[in-house]
Amino acid sequence: MQHTNAPLRTGPVRRVVIAGGGTAGWMVAALLSKVLGKGLEIRLVESDEIGTVGVGEATIPTLLTYHQLLGINEQEFMAATQATFKLGIQFENWRNVGEDYVHSFGLTGKDHWTAGFQHFWLAARQRGEQRVPHGDYGDYCLELRAGLENRFAHLPRNGLNYAFHLDASRYAVFLRGISQGHGVQRIEGKIAQVLQHDDGDIRALRLADGSEVEGDFFIDCTGFRSLLLGQTLGVGFEDWSHWLPCDSAVAVQTASVGEAVPYTRSIAHPFGWQWRIPLQHRVGNGLVFASRYLGDDEARAMLLQKIEGEALMQPRVLKFTPGQRDVTWKRNVVAIGLASGFLEPLESTSIHLIQRGITRLMQCFPAGGIHQTDIDEYNRQVRDEIEHIRDFIILHYKVTNRRDAPLWQHCAAMDVPQSLAHRIQMFSDTARVFKAPHELFGENSWIQVMLGQGLTPGAHHPTADLMGDDELGHFLGEIRKQVARQLVQLPRHEDYVRSYAAPV
Ligand code: FAD
């Protein structure tokens, strides 16, 4: 299709309406009002009666950038949301029942310009522990070791790469306070109808009380309903359930038992997997499952049987289709959050995608009028980013030795996207991984998960073979010693959180 660069909707965008006030709505409101608020009138409509999805408590390190942009004080944020630190995810029973590994946020070892660290570790492994002591791949990553030993601190130089576990409901309230401080107007009410101009653009939201909220530009944060983009503008949905068979979740909060560990636990089961997210005041738990293999009642019962503390609520079942809207910006509507699509929370990527949606929108913000070139560029970037993340999540299901249940047998037999098949084959043949430009997960993430899931490369880079046993052993030993030295200096995570970020 050929596009001219004449604005689709002429005239400046001044009145922005955000439909929905879950994590997505308030994240958008907070940053948009901070950065562009002086030139805009921003209103957010949400309905207490409908409520939010109420989950989404594990994050990745990019959230720190969002907080820096907003000028958020980390201690205040952590106290307000009862947050703890997160250094990675422990995957239990994913490779096979009884086998664990960690996908950590840290870097592993030291790379050479021709070859990543994995090649040196693989060379040592090939020569054997007797000839070249080398231990586990994870021994070379401070964040991974710190997580498993339950330690954390902000280090003065080259600090730990970390994220947070947070209480989603409190986070929305926290961001709402910031947004209202920047002048965002909150409107409580149920959207009964979405009104359009003759040309199809959205004109206003009509609320249940008959009032209308007019705007020049609309941000659809209405969650799975996708009221504006999906329901009103009719944008289709690309279903990825043939690659990601889980389509349901059941969630429950429990009282804390034991120390809050600085990592998320992801425990694979015959029908899906279970998460465990420790906060300061409670634990978030859930079971993500494939409804074709497990019923809702059985899932509820299974989760209640597997949780460790007392349940603080009735378990809640959520239904979803993994996939993405064909486009996330159409006409004068951009969808952000669940309204734009959903990938299951295995790698805690949804909040990150919300953040990317906002920053990208601000980079392309149509203040002077809406141009098709901006829309196309935005949609292309969103699609690129989400497809890489989709591949990374499918990897966990595809590369595993589990065959003990129909879910795992299905995953072993299924085709995967060509982009992922290429990655798996390349690592398997040569131990090489290359990060695509603008891709979220870097080489080290791919390597940790591929090795962790049981993919053993058949070869490694010849640079590593140029080192004799002593040289290679010394190179590896020095890195491990450095990790061990830093590790013992770190306090216990729970003590650190208590002194740094407990609510006043
Ligand atoms: P919602 O929270 O559903 O908010 C929708 C908003 O729209 C609400 O305010 C609602 O009131 C409003 N609304 C809807 N219809 C109307 C109407 N008619 N009138 C007025 N208002 C309306 N993400 C992570 O990053 N990490 C995780 O660990 C993680 N875990 C997850 C686990 C599960 C099981 C699921 C399903 C998701 C998880 N996510 C996770 C994703 C995360 O929860 C969402 O990305 C995040 O909460 C954003 O949701 P949202 O704001 O788009 O939608």
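Extending 7 Å from the Cα toward the beta-carbon at both Glu238 and Asp495 defines two label points whose distance is 5.0 nm.
Which value at 222 nm does the chain reach when only helices count, each DSSP H run of 4 or more adding -39,500 (n - 2.57), with the total divided by all residues and rounded to the nearest 500 deg cm²/dmol? Using -39500 (n - 2.57) per qualifying helix, the result is -11000 deg cm²/dmol.
Mean separation of Cα pairs under 8 Å and 6 or more residues apart, divided by the residue count, gives the range 307-462 a relative contact order of 18 percent.
Structural descriptor for the range 248-319: relative contact order 45 percent, calculated from alpha carbon pairs under 8 angstrom and at least 6 residues apart. In order along the range 107-112, the phi-based Karplus estimate (6.51 cos²θ - 1.76 cosθ + 1.60, θ = phi - 60°) of 3J(HN,Hα) comes to 8, 10, x, 10, 7, 9 Hz; Gly and Pro are listed as x.
The H on the amide N of Arg276, modeled in the peptide plane, is under 5 Å from the matching H of Arg265, each at least 5 residues off or on a different chain. Taking every C-alpha pair closer than 8 Å and separated by at least 6 residues, the mean separation divided by the residue count of the chain gives a relative contact order of 24 percent.
Length, then width, then depth: along the principal axes, the Cα atoms of the range 248-319 run 35, 22, 19 Å.
Working from the Cα coordinates of the range 365-405, the gyration tensor eigenvalues give, after taking √(5λ), semi-axes of 39, 7, 6 Å in decreasing order.
Applying 0.36 nm per residue to the separation of His422 and Val97 and subtracting their alpha-carbon distance, the gain on full extension is 114.3 nm.
A Förster radius of 60 Å combined with the Cβ-Cβ distance from Lys190 to Gln130 puts the calculated FRET efficiency at roughly 0.30.
Of the peptides 192-205, 438-451, 78-91, 133-146, the order by per-residue mean of other Cβ atoms within 10 Å, starting with the highest, comes out as 78-91, 133-146, 438-451, 192-205.
Multiplying the residue separation of His410 and Lys481 by 0.36 nm and subtracting their alpha-carbon distance yields 21.3 nm. If both residues of a DSSP beta bridge must be in the chain, then about 70% of such bridges are antiparallel. In the structure shown, do any of Lys398/Lys435; Lys34/Lys319; Lys34/Lys330; Lys330/Lys435 have a Cα-Cα gap over 28 Å, and if so which? From the list (Lys398/Lys435; Lys34/Lys319; Lys34/Lys330; Lys330/Lys435), the Cα-Cα distance tops 28 Å for Lys34/Lys319; Lys330/Lys435. Stretching Ile50 away from Leu155 to a fully extended chain increases their span by 33.5 nm, per 0.36 nm per residue minus the current alpha-carbon distance.
Between Leu64 and Thr114, take the C-beta separation as r, use R0 = 35 Å, and let me know the FRET efficiency to the nearest 0.05. Between Leu64 and Thr114 the formula returns 0.65. Given a Förster distance of 51 angstrom, what is the FRET efficiency for Val317 paired with Asp470, based on the Cβ-Cβ distance and rounded to 0.05? Calculated transfer efficiency: 0.30.
Close amide-amide hydrogen proximity is noted between His371 and Leu8, each under 5 Å apart and 5 or more residues distant or on a separate chain (H modeled in the peptide plane; Pro and chain starts excluded).
Taking a point 7 Å out from the Cα of Asp326 in the direction of its Cβ, the residues of the range 204-239 whose backbone N falls within less than 13 Å of it are 230-231, 233-239.
Each part reduced to its alpha carbon centroid, the range 27-46 and the range 324-353 end up 19 Å apart. Between the range 56-90 and the range 138-214, the alpha-carbon centres lie 11 Å apart.
Near Phe85, the amide H atoms lying under 5 Å from its own belong to His165; only residues 5 or more places off or on other chains count, and H is placed 1.01 Å from N.
What shape does the chain have by the C-alpha gyration tensor, where a ≥ b ≥ c are the square roots of the eigenvalues, rounded means a/c under 1.5, and otherwise prolate means a/b greater than b/c and oblate the rest? Because a/c hits 1.5 or more and a/b exceeds b/c, the chain counts as prolate.
For the chain, which DSSP H helices look membrane-span-like by this rule: Cα extent along the axis of 27 Å or more and mean Kyte-Doolittle of at least -1.0? Correct list, ordered by number: 469-488. Each of Trp26, Trp273 was scored by other Cβ atoms within 10 Å of its Cβ. Listed from fewest to most, they are Trp273, Trp26. Any chance you could check the Cα centroid distance between the range 385-451 and the range 269-304 for me, in angstrom? Centre-to-centre distance over Cα atoms comes out at 23 Å.
Each value in this text was obtained by applying a stated rule to the coordinates, not by laboratory testing. Since the structure is predicted, the reported quantities are computational estimates derived from the model, not experimental observations. Positions of Cβ are backbone-derived with ideal geometry, glycine not excepted, and every protein chain shown enters the neighbour counts.
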